[in-house]
Amino acid sequence: CSDSVCYLVTVQDSTVNTPCNADFTYTVSGNSVVFNNTSSGTMYYTWYFGDGSTSQSFNPSHTYAAAGTYDVCLFAYYSDSLGNNCQDTLCQLITVQDSLANLNSVSMNAFQLFPNPTSTVLNVKLDKETANAYASIIDLVGREMIRQDLTTDLTEISVVDLPSGVYMIRLLDAENQLIGMRKFIRQ
C-alpha cells in the first residue's frame, strides 16, 4: 500500500524580517561632502542632495556649487521576487561652506567687489591682471546666471536682469581653475 501528501511551502529570505532602516553619517570639507551609508535591512539606495543632483551609489561624495544649507535625503529599500519589500527614508540638513582649497593664481584678497549690495552694476577689480580669466555669477542652486570675460584689471558687470537675492561670483582662469569666490547681494 502507498499514500502521498503534498503541501505548499513558502520559503522567505531571513533579511525580510529585519526592519528597513535608512541611516547615514557625513563629513564636510569646504563645499564637498562624503557620505557614509549606515543603513540596515536594505539593498538599494537613492540619494537626493538637495540641489537637484542624485546618486544611487552606496557611499557617494558630492560637491556643491555654492555654500548653503541643503536638505539631503537617503531613500533605502529592499525588494525581492516574492513580493517582500520594505523602505525607509532619512533626511538631514547639511551646511557647506565656500571651498578655499583650489585657489591658486589669485588669492581671495587679490580682488575687490563693489558696490555690494548692488542693484545695477557689480565692479570686479583685480590686484593683478590674469590672462583669459572670467567671472561666473551663480545662484545658490548652482545655476550659472552670467559669464563675463575679465579683460582688464577693472571689469563692470551688469546685474540688472538678475532677480533680487544672494549670489556667488567665481573668478576662473583659462583652465577653469577657481582663483577666487565671493558672495554679493542683488537688491
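The values are calculated or read from the model by the stated rules, or taken from the named source; none is laboratory data. Values in this document were obtained by computation on a predicted structure and should not be read as measured data. Note that we place each Cβ from the backbone using ideal geometry, even for glycine, and neighbour counts take in every protein chain shown. Remember, those area values only see protein heavy atoms, side chains included, never the ligands or the DNA or RNA. Shrake-Rupley method; radii C 1.70, N 1.55, O 1.52, S 1.80 Å.
Mind listing just one residue for me: the one in the range 130-159 that is open to solvent by 70 Å² or more (accessible area, probe 1.4 Å) and out of contact with any strand residue (DSSP E or B) (no Cβ under 6 Å at 6 or more places or on another chain) and, of those, nearest to Gly52 (Cα to Cα)?
Among residues in the range 130-159 that are open to solvent by 70 Å² or more (accessible area, probe 1.4 Å) and out of contact with any strand residue (DSSP E or B) (no Cβ under 6 Å at 6 or more places or on another chain), the one nearest to Gly52 (Cα to Cα) is Val141.
Return the residues of the range 56-70 that are part of a strand (DSSP E or B) and open to solvent by less than 80 Å² (accessible area, probe 1.4 Å); say none if nothing qualifies.
The answer is His62, Gly68, Tyr70.
Does Ala101 fit the bill of being modelled with pLDDT under 85, in contact with a strand residue (DSSP E or B) (Cβ under 9 Å, 6 or more places away or on another chain), of a type in the set (A, V, I, L, M, F, W, C) and more than 30 Å from Tyr48 (Cα to Cα)?
Here the answer is no, as Ala101 does not meet what is asked.
Within the set of pairs 6 or more residues apart or between chains, which connect a residue that is acidic (Asp, Glu) inside the range 135-148 to a residue that is open to solvent by 60 Å² or more (accessible area, probe 1.4 Å) with Cβ atoms less than 8 Å apart?
Taking only residues 6 or more apart or on different chains, the pairs are Asp139/Met145.
Yes or no: Tyr78 in a strand (DSSP E or B), modelled with pLDDT of 90 or more and either open to solvent by 20 Å² or more (accessible area, probe 1.4 Å) or among the hydroxyl-bearing types (Ser, Thr, Tyr) (or both)?
No; evaluated as a whole, the condition is false for this residue.
State all residues of the range 81-95 that are among the polar types (S, T, N, Q) and either touching a Pro at 6+ places or on another chain (Cβ under 7 Å) or without any contact (Cβ under 8 Å) to a residue 24 or more places away in the chain (or both); if no residue qualifies, say none.
Within the range 81-95, Ser81, Asn85 meet the criteria.
Looking at the range 140-176, which of its residues are under 20 Å from Gln187 (Cα atoms) and not in a strand (DSSP E or B)?
Selection gives Leu140, Val141, Gly142, Arg143, Val159, Val160, Asp161, Leu162, Pro163, Ser164.
Of everything in the range 120-129 that's touching a helix residue (DSSP H, G or I) at 6+ places or on another chain (Cβ under 9 Å) and either among the hydrophobic types (A, V, I, L, M, F, W, C) or surrounded by 12 or more Cβ atoms within 10 Å (Cβ to Cβ) (or both), which residue is nearest to Met168 (Cα to Cα)?
Leu126
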